[in-house]
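These notes are about the structure you will find just below.
The values are calculated or read from the model by the stated rules, or taken from the named source; none is laboratory data. Predicted model only: the values in this text are computed from it and were never measured. Cβ: placed from backbone, ideal geometry, glycine included. Neighbour counts: every protein chain shown. Only protein heavy atoms, including side chains, enter the accessible area calculation; ligands, DNA and RNA are left aside. Shrake-Rupley method; radii C 1.70, N 1.55, O 1.52, S 1.80 Å.
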There are 2 protein chains.
Amino acid sequence: MSLLVTGSIGIDTVKTPFGVSKDCLGGSAVYFSMAASFFTPVRFMGVVGADCPFSLKKVFKGRKVDLTGLEVREKSKTFRWAGSYQGLMNEARTDAVELNVLAESPPEMPEKFRDSKFVFLANTAPILQIRLLDQLKKPKFVAADTMNMWINNNPADLKRLLKKIDCIILNDGEARMLARDDNLIRAAAKIIKLGPSIAVIKKGEAGSIIRNAKGQMFILSAHPAEIVKDPTGAGDSFAGGFMGYLASRGKTDFASLKKAVAYGTVVASFTISDFSLKGLTKTSKRDIGKRLNQLRLMLKF
Amino acid sequence: MSLLVTGSIGIDTVKTPFGVSKDCLGGSAVYFSMAASFFTPVRFMGVVGADCPFSLKKVFKGRKVDLTGLEVREKSKTFRWAGSYQGLMNEARTDAVELNVLAESPPEMPEKFRDSKFVFLANTAPILQIRLLDQLKKPKFVAADTMNMWINNNPADLKRLLKKIDCIILNDGEARMLARDDNLIRAAAKIIKLGPSIAVIKKGEAGSIIRNAKGQMFILSAHPAEIVKDPTGAGDSFAGGFMGYLASRGKTDFASLKKAVAYGTVVASFTISDFSLKGLTKTSKRDIGKRLNQLRLMLKF
C-alpha cells in the first residue's frame, strides 16, 4: 500500500570520534525514504531553499521515491544542523541550528498523495503535523515522531495530534517525559491512553519496545554494533524500515508490527555504521535480510 | 555438579519510592544461594558477627543450601549496608556502610567444599577472591563479580584474578571502566583478552549481553517489569540463576550459557518485584519456568 512521509531535508555537519562530515545531506524525510524504499515505493514531501547543493533526484536514483512533494523555495534557505557525539554516542549535542525553510509554512500536499494509506509524520510542530494529516482522505495507519521541545512547549497541540494517529514513535527520554513516568513499560501504557493504539519506544543501543492497547508487548535488542561512526538518522531510518515493511505488507496486526520493528532495527544498524547516508546507500535488501536472520539467531535461547 | 558460592551476608536498610525496608537480610551470598537453589544444591560460604539477627538455617529451610561454610564470629559485627533508589532506580546510592566482618579475614573453606566444580566468587577484594580460588582442587567453571572500587584501586590484583577465572559478570558501567571502552560489544571483547573466556555484561532494565572468546554473542532483554519495588540483589540473583542452571546441567557450551542467562534474567525479575528476599521466597520453580516461556514469546518475531 502507498506510503507517504513528510519531514525535513537538511544540510548537516556532524562530528563524532570517527571524524567530521561537513555539509552532508540529512533530514528526517531523507533518512526515512532511503530506509523505507528497501521495502516499498515512497511518496516524499519536504522543502528546500535555492541554496540546496543536493539533487534529491540523483540521491534517490534507482529507488522508488516519488519526489512530486519536493518543493524548492527560490527565496528561502535550506534547513541546517550541526551536531556532535561523544562517549556513549547515545545523544547528539546540537552545536548550531538554522531552521530556515522549516520555520516557514509546510509544503502543500500534492493532490495525488492525498489517498496515501500509510503515513509517517516526522518530527515537527504538532500543529503542522495535524494540518498535514487533515489533508489526507482516509489513511489506514498514521505514525508520528515528536521531541522534547513539543512535549514541553506545545502539550495541548500534541495531545490533539495523539488522538488522531495510530502509532507514536519516541525515544526513551521523550516517552518518560510525555508519560511522566520513569518506568518505560508503564510509560508505554500511559501514552496509549492518550490516543494512539501503538507506542514504539526506541532505546538506542538498548533496543526498542512496542506495546499496543491490548497490552501486548514486544522487546527487541539493537543489533550489536562494534563500530558506530555516526548515529545521525538512526531514529528516522528505524521509522523508515518499520513503516516501509508495514506498507509493503498492507497489514498492522501485532505479528506484522513485531517484524516491522525488527526491520527498523536492522536498517538503523546500517545507518549508524557510516557517516550521513553512506551506511544505507551501500546496503542491499539482501544485506538487510541476512542481518535480520543473524539478529534472530543471536536472540534465540 | 556441585556449586559453591563465597560472598557477603548483610543487614540491609533499603529505601525506594515504594517504601523502606529496615534491617532486612541481604548480601551477595544470600541472594545468590536463594536464586541458585531453584536449580541445584548450593554450598554456602560467608561470615556474620554475633549480632546477626537472622537464622540462615531458617531462611534456607526446605532449600538445598549447605551452610557448613557459614562462620559466626563471636567478637565481630555483621556487615551492614544502607542504600536508596530513586527515579530510574538503575543505581543504588549508598547512604551508609559498615564493613565489619568483611574487613576481616575471609572464611576458611571447609574441606568438603574443596572439590566444588562450579564456583561463584561474589564481589570482594580481588586478592581475597584469588585466595579463595587457590583453596579449590580442580574447579570446572569459575565465575566472579567485581566492582568499580577494585577496577580503580586494585587493577593488578584484578588482572591476576581475571587470568584464573572462566567467566566475569559485570554491569555495563564496570565493563566500560575495565575495558576503557564505551562500546559494550568491543568492551566485552577486550575483557575476554584479559583472561576469562566468557564475559557477561548486565545492563539493568536493558537486559544483558554474553560474549565468548570465539566471538559468539547472545543478547537478552530484561523481563519487562511494571513494578520494581527494590532492585537490591538483582545482580546476585542473576548470577545465582545463571550459575545454578549451569551447575544443574554440568555443561558450559554456548547453548547452555544462553539458557543460563535467560534463567538468571527471570530469577532477577522476581527479586526486584518486592523488598529484600520476599520476591524470591514467594516464587516457585514453576513460576520461573512460566515466566521464561513468556519472555521467549515476547522476544519472538
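Of note:
- Residues along segment B:177-194 losing 10 Å² or more of accessible surface when the other protein chains are present rather than the chain by itself (probe 1.4 Å): B:Asp182, B:Asn183, B:Leu184, B:Ile185, B:Arg186
- Seen through its C-alpha gyration tensor, with square-root eigenvalues sorted a ≥ b ≥ c, segment A:67-203 comes out oblate because a/c lies at 1.5 or above while a/b is not bigger than b/c.
- Taking all protein chains into account, the per residue accessible area for the protein assembly as shown stands at 42 Å² (1.4 Å probe).
- The protein assembly as shown, accessible surface, carbon-and-sulfur percent (1.4 angstrom probe): 51
- Taking the axis that rotates chain B onto chain A, the chain B residue nearest to it by Cβ, with the distance rounded to whole Å, is B:Ala206, 2.
- Summed buried accessible surface, chains B and A, 1.4 Å probe, nearest 100 Å²: 2900
- Applying a DSSP loop filter and a limit of 12 other Cβ atoms within 10 Å to the trypsin sites (Lys or Arg not before Pro) in segment A:160-210 leaves A:Arg180.
- Shape of chain B, Cα gyration tensor, a/c cut at 1.5: rounded
- Counting only other chain Cβ atoms within 10 Å of each residue's Cβ, the peptide B:209-221 averages 3.
- Applying a DSSP loop filter and a limit of 16 other Cβ atoms within 10 Å to the GluC sites (Glu not before Pro) in segment B:40-115 leaves B:Glu74, B:Glu91, B:Glu104, B:Glu108.
- 7 Å along Cα→Cβ, label-point gaps from A:Ile227 to other copies, nm, shortest first: 4.8
- Helix content alone sets the calculated 222 nm mean residue ellipticity of the protein assembly as shown: runs of n ≥ 4 DSSP H residues at -39500 (n - 2.57) each, divided across all residues, give -10500 deg cm²/dmol.
- Across peptide B:242-253, the average count of Cβ atoms from other chains found within 10 Å of a residue's Cβ is 0.
- Label spacing, shortest first and in nm, from A:Met177 to its equivalents in the remaining copies (7 angstrom along Cα→Cβ): 3.0
- All other residues whose Cβ lies under 9 angstrom from that of B:Ser84 are scored, Lys and Arg at +1 and Asp and Glu at -1, for a net of +1.
- Rounded, prolate or oblate (a/c below 1.5 giving rounded, otherwise prolate when a/b exceeds b/c) for segment A:1-56 by Cα gyration tensor: oblate
- For B:Glu111, the distances from its label point to the matching points in the remaining copies are 9.8 nm, ordered from shortest, with each point set 7 Å beyond Cα toward Cβ.
- Qualifying trypsin sites (Lys or Arg not before Pro) for segment B:227-298 [loop in DSSP, other Cβ within 10 Å: at most 12]: B:Lys282
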